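These notes concern the structure reproduced below.
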Amino acid sequence: MNLLFVADDVNKLNEYKDSTIYLIQQAWHLNLNTWLTTFQDLSLNKSKNLINCIALAKLIKHGKSQSWFDREESKTLQVTSFDYIFIRTDPPINYEYLASSYVLDFAEEIGIPVVNSPKVLRNFNEKLLALKFPNHTPDTIVTCDKEVILNFLGRFERVVLKPLNLMGGKDIFTVSNSDPNTANIVANLTKDGRQKIIVQEFLPEIKKGDKRIILINGTVIEYCLNRVPAKNSFLGNLASGGKGNIKKLTAEEKLIAQEIAIKLKNYGIFLAGIDMIGKFLTEINITSPTGFKEISSFENVGEVFFNELFKCYKK
């Protein structure tokens, strides 16, 4: 069986933390062949009455030297060569991301499972998807209007400002009523009122951590990665300096996660990483959820992933 991972440059992936590497290594345990490609190496080729979806891909195997992997020369292959395709490319959701998702539509239309589906990735914004669960989210607005943002800030001592298309804590700010730079920060993030951002009530519980909970085809992984911000920071993201520790979900957290998992499955979302601060849902990552490697020391995430994959997409 051949698996194709559409990911970022393999040389830039962190061997010790990256969830894409973890899934590849779990696939090796199942004696599955793993291939890597990038968005830039996907293409369409119309010849006569056929449209072929093509990938320039590298077969990767267990590393025999100091590297975690060895790879063969790139081959140009039709996507019909693969049994499953996994989109693991990090945001931003830009032109190339969207264009490549349209290319992968052709693979899905001929019956090759693509996880998560390119249609799902286009239909749901990671920052806005959480608002489908208003009973579990903090007070939030989405706007590019500076006056609306400043009025919202007036209701709280502090708010968080986020762009809609980035990840890893990039360009996220927290501002207060007394901050003299608030107006400038708002103007910069909204491109002077031309680009919507998300503005959210600040949650002081972030000091205790931001919990990443993994959901796979409606199944909740019972252990989570709790990401605690560095000193003088409010960002729990590991990429922003946060420190992770593993915690078992409380009964209340599990109930909330199960409610979300069922609805996401109904939306056609196979894999998601939800973020919770205290009892509040703040974000739902569906592009390239992380935390698998860390959580796997307590629960076999890879086993759950592939069991659910083969159950959902029977070959």
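The values are calculated or read from the model by the stated rules, or taken from the named source; none is laboratory data. What you see is a predicted model, and the numbers here were worked out from it, not measured in a lab. Heads up, the Cβs are rebuilt from the backbone with ideal geometry, glycines too, and the neighbour counts pull from every protein chain shown.
Being crowded, with 19+ Cβ neighbours inside 10 Å and farther than 30 Å from TYR267 by Cα is the requirement here; does LEU153 meet it? Full working, then the answer.
Values: crowded, with 19+ Cβ neighbours inside 10 Å: yes; farther than 30 Å from TYR267 by Cα: yes.
Yes: the conditions hold for LEU153.
I'm told VAL120 meets every condition in (1) touching a helix residue (DSSP H, G or I) at 6+ places or on another chain (Cβ under 7 Å); (2) modelled with pLDDT of 95 or more except one. Can you identify the failing condition by its number?
Condition (1) is where VAL120 drops out.
Check whether at least one residue in the range 179-192 is more than 27 Å from THR89 (Cα to Cα), in contact (Cβ under 8 Å) with a residue 12 or more places away in the chain and hydroxyl-bearing (Ser, Thr, Tyr), and report yes or no.
Let us first name the residues in the range 179-192 that are more than 27 Å from THR89 (Cα to Cα), namely 179-187, 192.
Keeping just the survivors that are in contact (Cβ under 8 Å) with a residue 12 or more places away in the chain gives 182-183, 185-187.
With the extra rule that they be hydroxyl-bearing (Ser, Thr, Tyr), the set shrinks to 182.
Yes, because at least one residue in the range 179-192 is more than 27 Å from THR89 (Cα to Cα), in contact (Cβ under 8 Å) with a residue 12 or more places away in the chain and hydroxyl-bearing (Ser, Thr, Tyr).
Condition check ((1) of a type in the set (Asp, Glu); (2) in a helix (DSSP H, G or I); (3) assigned by TED's automatic domain parsing to the domain that holds LEU98) across all residues:
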| site | (1), (2), (3) |
| --- | --- |
| VAL148 | no, yes, no |
| ASN165 | no, no, no |
| ASP171 | yes, no, no |
| PRO180 | no, no, no |
| ALA187 | no, yes, no |
| LYS191 | no, no, no |
| ARG194 | no, no, no |
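Out of everything in the range 170-188 that is closer than 13 Å to VAL160 by Cβ and touching a helix residue (DSSP H, G or I) at 6+ places or on another chain (Cβ under 9 Å), what residue ends up being surrounded by the most Cβ atoms within 10 Å (Cβ to Cβ)?
So, considering only residues that are closer than 13 Å to VAL160 by Cβ and touching a helix residue (DSSP H, G or I) at 6+ places or on another chain (Cβ under 9 Å), the one surrounded by the most Cβ atoms within 10 Å (Cβ to Cβ) is VAL186.
Can you pull out every residue in the range 157-178 that is among the small types (Gly, Ala, Ser) and either in contact with a Cys (Cβ under 9 Å, 6 or more places away or on another chain) or in contact (Cβ under 8 Å) with a residue 24 or more places away in the chain (or both)? Reasoning before the result, please.
Going residue by residue through the range 157-178, those that are among the small types (Gly, Ala, Ser) are 168-169, 176, 178.
Across the range 157-178, the qualifying residues are GLY168, GLY169.
Give me the residue from the range 83-98 that is part of a helix (DSSP H, G or I) and in contact (Cβ under 8 Å) with a residue 12 or more places away in the chain and, out of that set, farthest from LYS314 (Cα to Cα).
Quick first cut of the range 83-98, residues part of a helix (DSSP H, G or I) only: 95-98.
Narrowing further to those that are in contact (Cβ under 8 Å) with a residue 12 or more places away in the chain: 96-98.
Details: GLU96: 31, TYR97: 28, LEU98: 28 Å.
Here the residue is GLU96.
Which residues, taken from the range 261-315, are among the polar types (S, T, N, Q) and either under 20 Å from LYS243 (Cα atoms) or in contact with a Phe, Trp or Tyr (Cβ under 6 Å, 6 or more places away or on another chain) (or both)? Break it down stepwise before answering.
Going residue by residue through the range 261-315, those that are among the polar types (S, T, N, Q) are 266, 282, 285, 287-288, 290, 296-297, 300, 307.
Selection gives THR282, ASN285, SER288, THR290, SER296, SER297.
In the range 109-122, which residue that is in a helix (DSSP H, G or I) and in contact (Cβ under 8 Å) with a residue 12 or more places away in the chain is nearest to the chain's Cα centre (by Cα)?
If we take residues in the range 109-122 being in a helix (DSSP H, G or I) and in contact (Cβ under 8 Å) with a residue 12 or more places away in the chain, then LEU121 is nearest to the chain's Cα centre (by Cα).
Do the conditions hold for SER101, that is, is it farther than 17 Å from TYR313 by Cβ, out of contact with any Cys (no Cβ under 9 Å at 6 or more places or on another chain), buried (at least 16 other Cβ atoms within 10 Å of the Cβ) and not assigned by TED's automatic domain parsing to the domain that holds ASN165? Steps first, please.
Details: farther than 17 Å from TYR313 by Cβ: yes; out of contact with any Cys (no Cβ under 9 Å at 6 or more places or on another chain): yes; buried (at least 16 other Cβ atoms within 10 Å of the Cβ): yes; not assigned by TED's automatic domain parsing to the domain that holds ASN165: yes.
Spelling it out, SER101 is indeed farther than 17 Å from TYR313 by Cβ, out of contact with any Cys (no Cβ under 9 Å at 6 or more places or on another chain), buried (at least 16 other Cβ atoms within 10 Å of the Cβ) and not assigned by TED's automatic domain parsing to the domain that holds ASN165.
Condition check: within 24 Å of ILE141 (Cα to Cα), free of Cβ contacts under 8 Å to residues at least 60 places away in the same chain and hydroxyl-bearing (Ser, Thr, Tyr). Does SER297 satisfy that? I'd like the intermediate steps shown before the answer.
Numbers: within 24 Å of ILE141 (Cα to Cα): no; free of Cβ contacts under 8 Å to residues at least 60 places away in the same chain: yes; hydroxyl-bearing (Ser, Thr, Tyr): yes.
Criteria not met by SER297.
Kindly indicate whether LEU56 is on the phi < 0 side of the Ramachandran plot, part of a strand (DSSP E or B), in contact with a Ser or Thr (Cβ under 7 Å, 6 or more places away or on another chain) and surrounded by fewer than 18 Cβ atoms within 10 Å (Cβ to Cβ). Walk me through how you get there before you give the answer.
Values: on the phi < 0 side of the Ramachandran plot: yes; part of a strand (DSSP E or B): yes; in contact with a Ser or Thr (Cβ under 7 Å, 6 or more places away or on another chain): yes; surrounded by fewer than 18 Cβ atoms within 10 Å (Cβ to Cβ): yes.
Here the answer is yes, as LEU56 does meet what is asked.
Among the listed residues PHE86, PHE69, PHE39, which satisfies the condition of being touching a Gly at 6+ places or on another chain (Cβ under 7 Å) and assigned by TED's automatic domain parsing to the domain that holds ASP8?
Details: PHE86 fails: touching a Gly at 6+ places or on another chain (Cβ under 7 Å); PHE39 fails: touching a Gly at 6+ places or on another chain (Cβ under 7 Å).
Exactly one residue qualifies, and that residue is PHE69.
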